[in-house]
Amino acid sequence: MLFRFLLHRAPSIRVNEMFLLKALGKLRDEADQICQAAASPASSSTDSQLEEFQQEIVKCKSRIVDMEKQLRIFEGDTSEITTLDQADYHVHILEETLKQVRLQKQVLQEKYNSPCPAPTTQVHIPPETADVSGFLTGSSSNSILDWMPQRDPQIQILNFLDSNGLLPPRDQTQSIAEILPPPSPQPTLLHGEEINIEEQLSPRSSGLESDNNVQRPEFGQVIDVNMSPWTQLYPTAFLLFSIYLWPFVESVPRSIVTDKEALISFKSQMSLESPNLLSDWEQNSSPCNWTGVLCNRPRNRVIALNLSGFGLAGSISPHIGNLSFLHSLQLQNNEFRGALPNQISDLFRLRVLNMSFNSLEGPLPANMSTLKELRVLDLMTNKITGTIPEELIHLAKLQVLNLGRNLLSGAVPPSIANLSSLTTLNLGTNALGGEIPGELSRLPNLEYLDLTINNLTGTVPSSIYNMSSLGYLALAANKLWGKLPTDIGDTLPNLWGLNLCINKFSGTIPGSLYNLTNMRIIRMADNHLEGTVPPGLGNLPFLEMYNIGKNKLISVENEGLGFVTSLTNSSRLKFLAFDGNHFEGAIPESIGNLSKVLSILYMGGNRIYGNIPSSVSQLSGLALLNMSYNSISGEIPPEIGELQQLQMFDLAGNQISGSIPSSLGNLRELNQLDLSRNQLVGEIPTTFKNFQGLLSLDLSNNMLNGSIPGEILNLPTMSTLLNLSRNFLSGPLPQEIGRLERIVAIDLSNNRLSGHIPSTVKSCNSLEKLFMANNRLSGTIPSALGEVKGLEALDLSGNQLSGSIPTNLQELHALESLNLSFNDLEGTIPTGGIFSNLSNVHLEGNPKLCLSLGCDDTKGHRKIVIIVSITVLLTFVVCFSIALLIYMKKGKSAFPSNVLQVLDPELLALVENSLEDNQSPGIQLNCLTKIFGVGLSCTSTSPDERIGMRDALRQLKTLKDTLINNRSPIKKMKQ
């Protein structure tokens, strides 16, 4: 039963086990017969001889029992080991057996090297493969199958048994019949100790291009079994080892079958859509020819599976653990879901495990610590939960640990510092808390550390700033604070990237950073940094990103934005941001000398003044230019139209004057244009029709005149915002507004637009907010507005609209705010939908509107309305007065004294007069409802729901003015 450990890999040959057991039984029977013969009365031996024979018999039996136990140990079935004592016993037996094998080998070598017997060549076994512990753990170089060349299986097996002293001694030997090529002195491994980390992290790289040339140690020489003296062995023993032969004969060609079955099971767990990239995974073909599968040549076993970017969906089959020769498993960029199967831990040869960019869930399996050969563990961008297992510290050869963009919680384990081979540690974008463990500084080879977007608190351990091997340090978006060491550029000499954005770091920018000539990334935005920009930016020729925005930095006296000129030496600069600070001065003409690959430039939110230099047009690679909320004056340089790559242009909140240059229409890639809050005049250029990719246009709060060009409404891509409010635009609203099918918000309020509201507005299917207040629009409210089902806010107030309110407006279930006040609307107010809660509806200033209850002119009904209205109002006055007394009694000295101007008898008289003047009961009831609402808000017991006194005064004054403005001319004349 020496090789029974292989039986579980080939179920079809388990039947041979019974023959092995029978053979052992026969050995026992022969031993018993020898004992009986030795104890026979006819024996002529003396008592001493008999005693010696009996002792030999006992020893023989004992050896048979011990041999059976040892053979069972060599089965390799570690599931029978349940205690540490059993494990120690197994190890002891194996070590003792190995010693005996080596002694026997030495004896045989001395015997065969003597001049008498014929010389014979021994089996070559590399020294490193004789490690029993490696044999037990399944080392890739210690497997029995690995040692076997592709030759006659019978010869291979007997040679192996003989070379390890497991066959009975022989009386004579014969010459060899076959000599194989000598083994390579240094066999090539699947992967060397050095791994290209960037290739392993790349979603498309397999890193296994050379694995087809894998070599394994082979036997140097093989003895011809047919000519060997083994045929002279006693019959039972020879039968025993002959039986051993047949499982090997069957198992060698079936070694790939296990791999095939595992892959078929893996495929069965996936939902494959057309085109099926795994269509060649068929039972009647070798898996070595399947897409994404790589085999080694000598033994034809699957060593790599690379299905990255195949768009596969489903769960990962536990049978993947049967790919026992697998060295690389790359399933990144797919749609795998569910938990990682525990059977992953069975892949003890695995060196690369990349399942990033999937939807895997659940915690990390703790038994992954058994993957002793693992170099790369990349599970980035999944939904993995739980904490980081402490057991990962057993992955002593791990070089890359990438768990970023998951849902991990808990603290960063200090024990990670035990992974001395680690070069990359990415735990960013999780929910990790606590402080950064200073033990991480003990990682001598760490080059990349990313802890961004977590809940880490406290200060950064000073030892972190002393990790001389560190090249990239990212701690952004946490709750870290403290000052940065002034000598950080000296203690981190290999640093090329530093990301500390969105924290609470204070102090100044360390000038020593600018001594690191290989620096590529400096990101310190959104902190509490003060002071000036240190000199030395010109020393960074490889700088690609410089972001110091949203701090409290100021300009060096009399230098203004001089640091911008220093950056002209950084020819690779792509991203520059110094917005949201207190920089003051004019934009230097040298801005045009910045890198030609500069694509992002943020300089808004400062105190920059002066004109925009025309040299900015030399930044040909610019995709975003933000100069908003400064004090920039002058006109927009027409040369801006030369920035053909520009996608976002923001000049909002400045003092720009003049007209909008028509050359801006040349910016065909533009998708966002914001020129709001300036002093621009003239008409909107018709060249804006060239913006075929425009998403948002904001020209509000200027002095633009003329009509709205239909061309800018004929931009089907506009989907975010069209804001032309607070200008002097006139004329009718173009019918082309219906072309804005994807637009979310339109604001045309506070202009001089006239004419009807086009019914084509119903085609704005994505519209959520429509503001047209304070124009000169006339006609009726188009019922087509009721077809814009996603509408949330509608403001048509302050126009000259007439007719009734379309009843289908009450069918807009998403509508939350409706303002139709101060028009000339009439008729019955709908009662459904948003009209069921008049607090969200503004209808004041429409004297001809009425509720269904108030549209009857009979005197009896009018008296009822008057009585009810006055009763409600008096009730409110009493309640409100009591509330005011309580409020004043509590010592609220800040109570506005002029609130009494509203609570005089004139308010009641105004209500009564409005009723007698036959004015609209709808307006009266609306005002009374709002007055009562103010009263209830003032007397609310909850402070959160209670309205402030000043707000109450403002609302009551507004209602009073409404009642006065709606009085009849006769009453006004009497006064």
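The values are calculated or read from the model by the stated rules, or taken from the named source; none is laboratory data. Because the structure is a prediction, the values reported are computed rather than measured. Here Cβ is always computed from backbone atoms with ideal geometry, including for glycine, and neighbour counts include all displayed protein chains. Heads up: the accessible areas ignore ligands, DNA and RNA and are worked out on the full protein's heavy atoms, side chains in. Shrake-Rupley method; radii C 1.70, N 1.55, O 1.52, S 1.80 Å.
Please compute the length gained on full extension between Ser633 and Ser590, using 0.36 nm multiplied by the number of residues separating them and subtracting their Cα-Cα distance. Before the final figure, lay out each step's value.
Working: separation 43, 0.36 × 43 = 15.48 nm, distance 1.86 nm.
Result: 13.6 nm gained on full extension.
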Once both labels are modelled 7 Å past Cα along the beta-carbon direction, what's the Asn494-Val681 spacing in nm? 6.4 nm
By accessible area with a 1.4 Å probe, ligands and nucleic acids excluded, highest first: order of Val597, Val564: Val597, Val564
Gain upon complete extension [Thr831, Lys789; 0.36 nm per residue less C-alpha separation]: 13.3 nm
Net charge dipole size for the range 319-473 [Lys, Arg +1 and Asp, Glu -1 on Cβ; Debye, nearest 20]: 260 debye
Given points 7 Å out from each Cα along the Cα-Cβ axis, report the Met703 to Gln283 separation in nanometres with one decimal. 8.5 nm
At 1.306 mPa s and 10 °C, plugging the Kirkwood radius over alpha-carbon pairs of the range 398-492 into Stokes-Einstein gives what diffusion coefficient in µm²/s? 119 µm²/s
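How big, in percent, is the set of alpha carbon pairs in the range 269-377 lying more than 24 Å apart?
Values: 1213 of 5886 pairs.
Tail of P(r) above 24 Å: 21 percent of Cα pairs.
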Which part of the range 790-809 falls in the paramagnetic zone of Glu816, meaning amide N under 11 Å from the point 7 Å along Cα-to-beta-carbon? 792-793
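For Thr387 and Ser271, what does the FRET efficiency come to when R0 = 35 Å and r is the distance between their Cβ atoms, rounded to the nearest 0.05? Provide the component values of the computation, followed by the final result.
On the way: r = 32 Å, r/R0 = 0.90.
It comes out at approximately 0.65.
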Counting only the heavy atoms of the protein chains, how much of Val681 is accessible to a 1.4 Å probe, in Å² to the nearest 10? 60 Å²
On the full set of protein chains, 1.4 Å probe, figure out the accessible area of Met703 and give it in Å² to the nearest 10. 80 Å²
Projected label distance in nm at Ser409 and Ser754, using a 7 Å step from Cα toward the beta-carbon: 6.5 nm
Using just the C-alpha positions of the range 403-459 as equal point scatterers, what log10 of I(q)/I(0) does the Debye formula give at each q in 0.12, 0.21 1/Å? -0.25, -0.77
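Between Val91 and Ser506, what FRET efficiency follows from the Cβ-Cβ distance if R0 is 45 Å, with the result rounded to 0.05? Working shown, then result.
Details: r = 58 Å, r/R0 = 1.30.
That gives a FRET efficiency of 0.15.
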Which value, in Å² rounded to 10, gives the accessible area of Trp496 with a 1.4 Å probe and all protein chains present? 70 Å²
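Between rounded, prolate and oblate, where does the range 719-854 land on the alpha carbon gyration tensor, with a ≥ b ≥ c its root eigenvalues, rounded for a/c under 1.5, else prolate if a/b exceeds b/c?
On the way: a/c = 1.85, a/b = 1.30, b/c = 1.42.
Since a/c reaches 1.5 but b/c is at least a/b, the shape of the range 719-854 is classed as oblate.
Students sometimes get this wrong: rank His756, His327, His528 by accessible area, probe 1.4 Å, all chains present, largest first. Don't skip to the answer; put the middle values down first.
Values: His756 125, His327 5, His528 85 Å².
Greatest to least solvent exposure: His756, His528, His327.
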To the nearest 0.05, what FRET efficiency results for Asn808 and Thr457 with a Förster distance of 60 Å applied to their C-beta separation? 0.65
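Which order do Tyr629, Tyr472 take when ranked by solvent-accessible area (1.4 Å probe, heavy atoms of all protein chains), largest first?
Values: Tyr629 125, Tyr472 25 Å².
Descending order: Tyr629, Tyr472.
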